[in-house]
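This report concerns only the one structure given below.
The values are calculated or read from the model by the stated rules, or taken from the named source; none is laboratory data. Because the structure is predicted, anything quoted here is derived from the model rather than measured. Methodologically, a virtual Cβ is constructed for each residue, glycine included, from the backbone with ideal geometry; neighbour enumeration extends over all protein chains shown.
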Amino acid sequence: MPVRRLNHAVLYIRDVPRAVEFYTDVFGFRVDVEIPGRAAFLSAQDTLNDHDLGLFAIGADAPGPEQGRVGLYHLAWEVGTLGELADTAAKLTERGALVGATNHLVSKSLYAKDPDGNEFEIMWRVPREDWPSEDEPNRIRTLDLQESIDRWGPDLKTGAAAGSAT
């Protein structure tokens with residue numbers, strides 16, 4: 001079975017309205033279907049999917065994710081430009097949700113947590129011709145977002161976004 005891409009993610013959350021507000025504000029997702037108090041299905045802008053994120057409420061007292069336990073560590077969503085990544089960094093910082101930023105040399109990544117503690121990554125893919133050689137000894141570095149913008153500009157589209165820009 002050759003996998004093409006991740007079609008959607010589903011998360012357990014405590015409170016549907018709180019999670020919907022977070023994902024519509026930070027990601028710009030739209031609500032496709034909401035079952036009050038129980039679930040919501042959201043879609044990204046310009047998606048071809050029926051939905052990109054499902055949210056299922058399991059109750060206000062449900063325990064959150066715990067580091068060091070078996071389970072999902074994070075989901076990664078790709079943005080098309082460094083300008084979009086910078087805007088997202090500002091929004092996540094404003095909300096107190098940003099927990100890290102990494103230069104993976106092949107991508108520039110932000111790490112954040114939603115109100116329920118589910119971790120996610122927002123990343124911009126470096127143009128393939130600028131990827132380091134396979135023998136690069138240290139592929140994890142601190143992200144200097146301004147340095148990346150100075151190099152590639154805020155509007156260079158890469159990854160899936162580059163394909164849809166033609």
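Looking across segment 21-54, the residues that are within 15 Å of the chain's Cα centre (by Cα) and aliphatic (A, V, I, L, M) come down to Val26, Leu42, Ala44, Leu53. Residues of segment 109-128 that are more than 23 Å from Gln67 (Cα to Cα) and either modelled with pLDDT of 95 or more or of a type in the set (Phe, Trp, Tyr) (or both): Trp124, Arg125, Val126, Pro127. Identify, please: which residue in segment 83-97 is surrounded by 13 or more Cβ atoms within 10 Å (Cβ to Cβ) and of a type in the set (Asp, Glu) and is, among those, farthest from Ser107 (Cα to Cα)? If we take residues in segment 83-97 being surrounded by 13 or more Cβ atoms within 10 Å (Cβ to Cβ) and of a type in the set (Asp, Glu), then Asp87 is farthest from Ser107 (Cα to Cα).
Residues checked against (1) farther than 20 Å from Ala112 by Cα; (2) at pLDDT 95 or above; (3) surrounded by 14 or more Cβ atoms within 10 Å (Cβ to Cβ):
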residue	(1), (2), (3)
Arg14	no, yes, yes
Glu21	no, yes, no
Val33	yes, yes, no
Ala39	yes, yes, yes
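Residues considered: Thr93, Thr88, Thr81, Thr102. Of these, the only one that is among the hydroxyl-bearing types (Ser, Thr, Tyr), under 19 Å from Arg18 (Cα atoms) and touching a residue at least 40 places away in the same chain (Cβ under 8 Å) is Thr88.
Filtered by the rule that a residue be among the charged types (D, E, K, R) and more than 11 Å from the chain's Cα centre (by Cα), segment 102-145 gives Lys108, Asp116, Arg125, Arg128, Glu129, Asp130, Glu134, Asp135, Glu136, Arg139, Arg141, Asp144. Residues of segment 39-50 include none that is touching an Asp or Glu at 6+ places or on another chain (Cβ under 7 Å), aliphatic (A, V, I, L, M) and touching a residue at least 40 places away in the same chain (Cβ under 8 Å).
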